[in-house]
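A.B. asks: Right, I'll just put the structure down here and ask away after.
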Amino acid sequence: MKKHYEDLGFAKVDHHRHHRKGFPEVIYCAGKTPQQIAKIAKSIADKGQDVLATKADKKAYLAVKKALKKAKYFETAGIIVVKKNTEHKTQSTEHRIAIVTAGTSDLPVAEEAAVTAEFLGLKVDRLFDVGVAGIHRLVNNLDKIKKARVVIVVAGMEGALPSVVGGLIDKPIIAVPTSVGYGSSFKGLSALLTMLNSCAPGIAVVNIDNGFGAAVMAYYIIKSCA
């Protein structure tokens, strides 16, 4: 069987993934050293593929930047991007998604979703800090949300926002619980359970703080309907 990966010893880089999935292997940086991240990134880039690395800190970025001069760091999102080609060009307004957050504290996870979505060629409308504690903020932005093909809703605390949005629009919603909240939020578990138990139809839920997973799911929903 033909080997479609490169063995770096500490990692086997999947160079065939873009043929199977539509985009290259993504580097999850948590638990990896900056040097390991840089070597994986260079391996991907040397095959002419774009590089996306999530949960990355500044040390990881500096290591990748040393190996790949075109590397860009999105600090709030914790993402490193190296664009090698234009395969995932920004698409038309039909490929628009909205990313909605309950609070400003949810921004890192929301930006992880936004930067990932843009990497995949989606147009992104950001609507931040419109949580249920001031419901008028959501209502005042509802027209913008309704223009999206898919809506990603990011919330911590009690995680009620996806249910509220789900009761007001007819678009697919991907709910992202965050680890934001006081003690009884159990680092996002309360928000996760609220979202899983939502009575509003049309809501799917990803794991806690998984902005990347939400963006990829939005990409596949839009791609399958194109």
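The values are calculated or read from the model by the stated rules, or taken from the named source; none is laboratory data. Fair warning: this is a prediction, and the values are worked out from it, not measured in the lab. Please note: Cβ atoms are built from the backbone with ideal geometry, for glycine as well, and neighbour counts cover all protein chains shown.
A.B. asks: Pairs, please: C-beta under 8 Å, at least 6 apart or cross-chain, first residue on the phi > 0 side of the Ramachandran plot and in region 194-206, second surrounded by 20 or more Cβ atoms within 10 Å (Cβ to Cβ)?
C.D. replies: Matching pairs, first to second residue: G202/G166; G202/P172; G202/I173.
A.B. asks: Taking the condition of being in contact with an Asp or Glu (Cβ under 9 Å, 6 or more places away or on another chain) and in a strand (DSSP E or B), how many residues in region 62-86 meet it?
C.D. replies: The qualifying residues number 4.
A.B. asks: What number of residues in region 68-80 are surrounded by fewer than 20 Cβ atoms within 10 Å (Cβ to Cβ) and either modelled with pLDDT under 95 or not acidic (D, E) (or both)?
C.D. replies: Residues of region 68-80 that are surrounded by fewer than 20 Cβ atoms within 10 Å (Cβ to Cβ), as a first pass: 68-70, 72-76.
Applying the additional criterion that residues be either modelled with pLDDT under 95 or not acidic (D, E) (or both) yields 68-70, 72-74, 76.
Qualifying residue count, region 68-80: 7.
A.B. asks: Checking the condition surrounded by fewer than 14 Cβ atoms within 10 Å (Cβ to Cβ), closer than 22 Å to A215 by Cβ and not assigned by TED's automatic domain parsing to the domain that holds A117, which residue from G9, G48, G22, G31 passes?
C.D. replies: Values: G9 fails: closer than 22 Å to A215 by Cβ; G48 fails: closer than 22 Å to A215 by Cβ; G22 fails: surrounded by fewer than 14 Cβ atoms within 10 Å (Cβ to Cβ).
The unique qualifying residue is G31.
A.B. asks: Additional query: Which of the residues that make up region 45-61 are more than 17 Å from Y73 (Cα to Cα) and part of a helix (DSSP H, G or I)? Write out each step before concluding.
C.D. replies: Going through region 45-61, the residues more than 17 Å from Y73 (Cα to Cα) turn out to be 46-49.
Scanning region 45-61 gives a single hit, D46.
A.B. asks: Oh, and also: Taking the condition part of a loop (DSSP other than H, G, I, E, B), touching a residue at least 40 places away in the same chain (Cβ under 8 Å) and not aliphatic (A, V, I, L, M), does D209 pass? Before you say what the answer is, go through the steps one by one.
C.D. replies: Working: part of a loop (DSSP other than H, G, I, E, B): yes; touching a residue at least 40 places away in the same chain (Cβ under 8 Å): yes; not aliphatic (A, V, I, L, M): yes.
So D209 passes the test.
A.B. asks: Please specify each residue of region 115-131 satisfying the condition of being among the small types (G, A, S) and modelled with pLDDT of 95 or more.
C.D. replies: Of region 115-131, the ones among the small types (G, A, S) are 117, 121, 131.
Scanning region 115-131 gives a single hit, A117.
A.B. asks: Can you name the condition, by its number, that M195 falls short on among (1) crowded, with 20+ Cβ neighbours inside 10 Å; (2) under 16 Å from the mean Cα position of the chain (by Cα)?
C.D. replies: Going through the list (1) crowded, with 20+ Cβ neighbours inside 10 Å; (2) under 16 Å from the mean Cα position of the chain (by Cα), M195 breaks only (2).
A.B. asks: Quick check on this structure: which one of I37, I27 is over 30 Å from S224 (Cβ atoms), of a type outside the set (D, E, K, R) and modelled with pLDDT of 95 or more? Let's see the steps before the verdict.
C.D. replies: Values: I27 fails: over 30 Å from S224 (Cβ atoms).
The unique qualifying residue is I37.
A.B. asks: If R149 meets every condition in (1) without any contact (Cβ under 8 Å) to a residue 60 or more places away in the chain; (2) crowded, with 16+ Cβ neighbours inside 10 Å; (3) under 18 Å from the mean Cα position of the chain (by Cα) apart from one, which number is that one?
C.D. replies: Only one criterion in (1) without any contact (Cβ under 8 Å) to a residue 60 or more places away in the chain; (2) crowded, with 16+ Cβ neighbours inside 10 Å; (3) under 18 Å from the mean Cα position of the chain (by Cα) is unmet by R149, namely (1).
A.B. asks: With the requirement that a residue be outside any helix (DSSP H, G or I) and more than 20 Å from the chain's Cα centre (by Cα), what does region 161-182 give you?
C.D. replies: Taking region 161-182 as the starting set, the residues that turn out to be outside any helix (DSSP H, G or I) are 167-182.
Within region 161-182, G167, L168, I169, D170, G181, Y182 meet the criteria.
A.B. asks: Can you say whether T104 is outside the structural domain of G181 (by TED's automatic domain parsing), surrounded by fewer than 21 Cβ atoms within 10 Å (Cβ to Cβ), out of contact with any strand residue (DSSP E or B) (no Cβ under 8 Å at 6 or more places or on another chain) and farther than 29 Å from H15 by Cβ, as far as the supplied structure shows? Outline the logic, then answer.
C.D. replies: Working: outside the structural domain of G181 (by TED's automatic domain parsing): no; surrounded by fewer than 21 Cβ atoms within 10 Å (Cβ to Cβ): yes; out of contact with any strand residue (DSSP E or B) (no Cβ under 8 Å at 6 or more places or on another chain): yes; farther than 29 Å from H15 by Cβ: yes.
Answer is no for this residue.
A.B. asks: On the given criteria, is A60 touching a helix residue (DSSP H, G or I) at 6+ places or on another chain (Cβ under 8 Å), surrounded by 19 or more Cβ atoms within 10 Å (Cβ to Cβ), under 24 Å from G121 (Cα atoms) and of a type outside the set (D, E, K, R)? Walk me through how you get there before you give the answer.
C.D. replies: On the way: touching a helix residue (DSSP H, G or I) at 6+ places or on another chain (Cβ under 8 Å): yes; surrounded by 19 or more Cβ atoms within 10 Å (Cβ to Cβ): yes; under 24 Å from G121 (Cα atoms): no; of a type outside the set (D, E, K, R): yes.
So A60 does not fit the description; no.
A.B. asks: Give the residue that is nearest to V165 (Cα to Cα), with candidates limited to residues of region 183-202 that are assigned to a helix (DSSP H, G or I) and in contact with a Pro (Cβ under 7 Å, 6 or more places away or on another chain).
C.D. replies: Here is the first cut: in region 183-202, the residues assigned to a helix (DSSP H, G or I) are 183-196.
Right, trim to in contact with a Pro (Cβ under 7 Å, 6 or more places away or on another chain) and you get 188, 191-192, 195.
Details: G188: 19, A191: 15, L192: 16, M195: 12 Å.
Ranking the candidates gives M195 first.
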